[in-house]
Amino acid sequence: MMIRDLIKKNRSYRKFYGDFLIKRETLEELVDLARLSASGANKQPLKFVLSYGESKNKLIFPNIGWAAYIKDWTGPTENERPSAYIIILGDKQISQNCKCDAGVAAQSILLGATEKGLGGCIFGSVKKEELKIALKIKDEYDILYVLALGKPQEKVVIEKANSRGDTQYWRDNQGILHIPKKPLNEIILE
Ligand SMILES: Cc1cc2nc3c(=O)[nH]c(=O)nc-3n(C[C@H](O)[C@H](O)[C@H](O)COP(=O)(O)O)c2cc1C
């Protein structure tokens, strides 16, 4: 797939085939894409926690916040939940400021997942202290983002943001998720 098509297909998916399994090997291939990506001063402060089984997944699910704009929906049902998660940690001893590294890593992982026919979502809304305790993550690490991954069971369409600059995503009565994107001529200044 060409990069434009890959990026268009790489939407934030929040409903999945709940009984689909993702192997550890697949997650390792995805983290390897992050490993090969850009890093400020090449310090490589990121660490990754993998989860791909029911019991560990259950510890992560209650600690992430789903689609704040969609008020009548609190997240996927039991049989729509992600198959796996990759938690992106920052090693505080190496860098105190690695959110950009984490963003680059997240995009590499999600593009790799899309190429494999998978999909997922970045979560910045994370109950970090609760999740650290649940997964026994050491204090030397900051939780930066949680990536949820699975086989998407959701239709997502990109549409042009309206002239009022309203960028809130919304679900229509057929369950299709609409993602308004601003036009190019609004974001390139001169
Ligand atoms: C840094 C960052 C944090 C995000 N955090 C959340 C989150 O906590 N919960 C959620 O449901 N989506 C989260 N998202 C997904 C965005 O809502 C999504 O990217 C946006 O609606 C545009 O949709 P698209 O990714 O399909 O283009 C996050 C995305 C980014 C880049």
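Observations on the structure shown:
- Residue list for region 140-151, filter: under 17 Å from PHE20 (Cα atoms) and either assigned to a helix (DSSP H, G or I) or more than 11 Å from the ligand (Cβ to nearest atom) (or both): LEU149, GLY150, LYS151
- Pairs where the first residue, in region 31-49, is within 24 Å of LEU131 (Cα to Cα) and the second is open to solvent by 70 Å² or more (accessible area, probe 1.4 Å), C-beta under 6 Å, 6+ apart: none
- Matching residues, region 112-133, being hydrophobic (A, V, I, L, M, F, W, C) and either open to solvent by 30 Å² or more (accessible area, probe 1.4 Å) or within 12 Å of the ligand (Cβ to nearest atom) (or both): CYS121, ILE122, PHE123, VAL126, ILE133
- LEU50 under 15 Å from ALA148 (Cβ atoms), at pLDDT 95 or above and in contact with a helix residue (DSSP H, G or I) (Cβ under 9 Å, 6 or more places away or on another chain): yes
- The set of residues from region 159-187 being open to solvent by 100 Å² or more (accessible area, probe 1.4 Å), more than 13 Å from the ligand (Cβ to nearest atom) and over 20 Å from PHE16 (Cβ atoms) comprises LYS160, SER163, ARG164, ASN173, LEU184, ASN185, ILE187.
- Taking the criterion of being within 20 Å of PRO76 (Cβ to Cβ), without any contact (Cβ under 8 Å) to a residue 40 or more places away in the chain and among the acidic types (Asp, Glu), the only residue of region 153-190 that qualifies is ASP172.
- With respect to the stated conditions, ALA41 is small (Gly, Ala, Ser), exposed (fewer than 14 other Cβ atoms within 10 Å of the Cβ) and assigned to a helix (DSSP H, G or I).
- Given (1) open to solvent by 60 Å² or more (accessible area, probe 1.4 Å); (2) more than 23 Å from LYS128 (Cα to Cα); (3) among the hydrophobic types (A, V, I, L, M, F, W, C), number of the condition ALA68 does not satisfy: (2)
- Across region 64-95, the number of residues qualifying as in contact with a strand residue (DSSP E or B) (Cβ under 8 Å, 6 or more places away or on another chain) and away from the ligand (no atom under 11 Å from the Cβ) comes to 12.
- Taken over region 21-58, residues that are within 17 Å of the chain's Cα centre (by Cα) and not basic (Lys, Arg) amount to 18.
- Residues of region 72-106 satisfying the condition of being without any contact (Cβ under 8 Å) to a residue 24 or more places away in the chain and among the charged types (D, E, K, R): ASP72
- Of the residues making up region 81-109, those that are open to solvent by 40 Å² or more (accessible area, probe 1.4 Å) and over 15 Å from TYR145 (Cβ atoms) number 5.
- Test: residue in region 11-21 that is within 14 Å of the ligand (Cβ to nearest atom) and either part of a helix (DSSP H, G or I) or without any contact (Cβ under 8 Å) to a residue 60 or more places away in the chain (or both): no
- Residue list for region 53-80, restricted to those being closer than 17 Å to LEU147 by Cβ and in contact with a Ser or Thr (Cβ under 9 Å, 6 or more places away or on another chain): ASN57, LEU59, ILE60, ILE64, GLY65, TRP66, ALA67
The values are calculated or read from the model by the stated rules, or taken from the named source; none is laboratory data. This one's a predicted model, so the numbers in the text were calculated from it and none came from an experiment. Here the Cβ is made from the backbone with ideal geometry for all residues, glycine too, and neighbour counts use every protein chain on show. Side chains are part of the model used for accessible areas, which takes the heavy atoms of the whole protein and leaves out ligands, DNA and RNA. Shrake-Rupley method; radii C 1.70, N 1.55, O 1.52, S 1.80 Å.
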